[in-house]
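Worksheet: one structure, shown below.
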Amino acid sequence: MPHSPEDLETIPFTTERQSRRTGNWRFSRPELAEEDCIMCELCIEFCPDVSIHQAESEESVVVDYDYCKGCGICAQVCPTDAFTMEDE
């Protein structure tokens, strides 16, 4: 049976966004060539850490490196190869 909105307030979630910060263990990070971004938003859809968002200009995306784990999925799904993975 689905939970009601009132029930959701009482469920103890195991993690909060603040506790999912990457820290200093990431080995690589995605770098975006904004001019190559076509805003297909596949990177946003597939990012397991929800660390990619639409930029304020709405012409490209931005990566929130506080939460990016450096998995490289964004670079793999990007149809224009706008992302490259750089060593840290």
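The values are calculated or read from the model by the stated rules, or taken from the named source; none is laboratory data. Because the structure is predicted, anything quoted here is derived from the model rather than measured. Here Cβ is always computed from backbone atoms with ideal geometry, including for glycine, and neighbour counts include all displayed protein chains.
Could you look through segment 11-31, keep only residues that are assigned to a strand (DSSP E or B) and among the charged types (D, E, K, R), and pick out the one that is modelled with the lowest pLDDT? Here the answer is R29. Close Cβ contacts (under 7 Å, 6 or more residues apart or on different chains) running from residues in segment 29-43 that are under 20 Å from K69 (Cα atoms) to residues that are charged (D, E, K, R) and not in a helix (DSSP H, G or I) comprise R29/E86; R29/E88; E31/E86. Among the residues of segment 51-70, those identified as hydrophobic (A, V, I, L, M, F, W, C) and out of contact with any His (no Cβ under 7 Å at 6 or more places or on another chain) are I52, A55, V63, C68.
Among the residues of segment 46-88, the one identified as part of a helix (DSSP H, G or I) and of a type in the set (F, W, Y) is F46.
Give the residue that is surrounded by the most Cβ atoms within 10 Å (Cβ to Cβ), with candidates limited to residues of segment 21-37 that are farther than 14 Å from T84 by Cβ and of a type in the set (K, R). Give the derivation first.
Step one: list which residues in segment 21-37 are farther than 14 Å from T84 by Cβ, which gives 21-27.
Among the residues that remain, those that are also of a type in the set (K, R) are: 21, 26.
Values: R21: 11, R26: 13.
It comes out as R26.
Scanning segment 38-62 for residues that are among the hydroxyl-bearing types (S, T, Y), exposed (fewer than 15 other Cβ atoms within 10 Å of the Cβ) and within 11 Å of C74 (Cα to Cα) yields nothing.
One residue stands out in segment 46-59 among those that are at pLDDT 90 or above and more than 16 Å from T22 (Cα to Cα): the one that is farthest from the chain's Cα centre (by Cα), namely Q54.
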